[in-house]
Amino acid sequence: METLRDLWNKVQTRWTALDGRQRMLLGSVVGIVLLSTALTVLLANHKKYTVLYTSLDSVMANEIISRLDENRTPYKLENGGRSILVPVDQVHSLRLELAADEGVFTQSKGYEVFDQSKFGMTGFMQQLNYQRALEGELARTISELEEVRAVRVHLVLPSKTMFTEETSGASASVMMRFNPGMQLNPRQVSGISRLVAGSVEHLDISGVTIVDYHGNLLSTQDKEEGGEMSGTQLEVVHSVEESIRRKAQTLLDRVLGPGESVVRVSTEIDFETIERDVESYDPDNSAVRSEEISEELLTEAQEIRNSVTNYEVNRTIERVRKRPGGIKRLTLSVTVGGTYTEGAGEDGARVFVPMPDAELDKLGSLVKNAVGFDVERGDQFHIASIEWNREYIETQKSELQKAEWGALIMQGLKYLGWVLAAVIFFLIWKKTLNSLSTAFENMRVPEPPPAQSAARPQPGAAGRTEASSVVDRLTEVMDANPDETAEALKTMLVNQES
């Protein structure tokens, strides 16, 4: 306590010895040091969070949070608890750790249900556990796909009876939730249908229904009810239409420039498969196949002659097989822009001038030849020059430019703020150093006036030796007690100034 009291008294004495300017400079230096230390500590302890998992249901989110609490990992919840955020430097390690923990993302049990089977279980309970295990195993297998986040499988298995040999067919329903920005293509959906159908006894692929979490039907059978096209047929139609549209669009882009035309195509595809045998005969082109001649001589003057000739008629057998996929009818619509005449309208507004009919006819002929237009097939084509509504596009461009400029300005202000802070800190620090240097210069002992030095008698050798010893002693005392010496010098300077 005595040491602390002495230290506090020294601080008070030194603070009292300083003038107003020196106190302000010293307070500024202390404030800058404390502020820099606080900012350093704050930035060191500040943790930036990023998304660990999102779009979670309550069960899975609760399981993940339990694991994070066990490991004492800091986290934040957003989006109503469906998104979990963790520090950036731990996100990858936590994902690997949670992925290795099968209990986190496994929503349903597989064949593990039989590990806890009880003695005396009825046949119904065994059948129910088998169904649960099969559903769990299928859900695990499907969830291995990269696009799938969560999946549930429901099976309806046929019940076996001792009175009927024929059993009813099984059915399956699969509901899937996808990762953000991902979706299954039709081939993957068909593969999942075949996987489920091949894993369940008496289950046909037509009995598998696959939907997403929004209720959209993903699986399609070969033929839908009401004669609608199947998923494969729709793919063929879209592929043909896109191919024709691309041919016309690339042609117009080279002639008019990108973004100056719009092409829309609609096709009717013939998916019928026809096989027929055609047998035709040509009576004009015949050949003698066989001829039989018989002669009978009754008397020398009477003779009977008979002949039978068999002709082979020219016959042609033709087998015709029509493959599906041909275009029955093609409809093509093309929209192009025009030009603008500045100052031709009211108040100097620009006026839209459509493309001349001669140029439209030329473009139409080029497009028809490019897509294989056939009038006899019933194809239809229409091209028009129409003024487009560019207000929305211009608005979007303007907002995008404003956003880009705003981001650029904010970034520039951020860097400018750092530069100004560095300059201000440098100026304050330089001014403080100059002030301290000036203070130390003022603390030096002033030399005696020249007149006093001339009037003072010159000491002899003994006097110089005694003075030297006194100076040496005084130097030792000052080295041993630097603080007291500085304090005494300050007090002396203050008294001298007053």
Starting from the amide H of residue 213, placed 1.01 Å from N in the peptide plane, find each other amide H under 5 Å away whose residue is 5 or more places distant or on another chain.
176, 178
Which ³J(HN,Hα) values in Hz, rounded to whole numbers, follow from the phi angles of the stretch 246-251 under the Karplus curve 6.51 cos²θ - 1.76 cosθ + 1.60, where θ = phi - 60° and Gly and Pro get x?
5, 4, 5, 5, 5, 5
Residue-span extension gain [residue 28 to residue 335] - 0.36 nm each, minus C-alpha spacing:
103.3 nm
Residues with amide H under 5 Å from that of residue 219, placed H, sequence gap 5 or more
210
Show me 19-28, 126-135, 404-413 ranked by packing, highest mean number of other Cβ atoms within 10 Å first.
126-135, 19-28, 404-413
Quick check: convex hull of the Cα atoms in the stretch 123-219, volume per residue, rounded to a whole Å³?
94 Å³
For residue 16 and residue 35 in the same chain, what is the full-extension length gain: residue separation times 0.36 nm, less their Cα-Cα distance, in nm?
4.4 nm
Treat each spin label as a single point 7 Å out from the Cα along the C-beta direction, and report the residue 400 to residue 58 distance in nm.
4.3 nm
Whole-number Å³ per residue for the convex hull built on Cα positions in the stretch 49-100:
69 Å³
Once you keep just the Cα pairs under 8 angstrom separated by 6 or more residues, what percentage relative contact order results for the stretch 123-219?
24 percent
Taking H placed 1.01 Å from N in the peptide plane, check which residues at least 5 places from residue 53 or on another chain put their amide H under 5 Å from its amide H.
84
Charge tally in the Cβ shell below 12 Å around residue 210, where Lys, Arg are +1 and Asp, Glu are -1, residue 210 excluded
+1
Sequence order, the stretch 409-418: Karplus ³J(HN,Hα) from phi using 6.51 cos²θ - 1.76 cosθ + 1.60, θ = phi - 60°, Hz rounded, Gly and Pro as x, gives 5, 4, 5, x, 5, 5, 5, 5, x, 5
Charge tally for neighbours of residue 329 with beta carbon under 13 Å away, counting Lys, Arg as +1 and Asp, Glu as -1, is -4
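No lab work stands behind these numbers, since they all come straight from the coordinates. This one's a predicted model, so the numbers in the text were calculated from it and none came from an experiment. Reconstructed Cβ throughout: ideal geometry from the backbone, glycine too, with neighbour counts over all protein chains shown.
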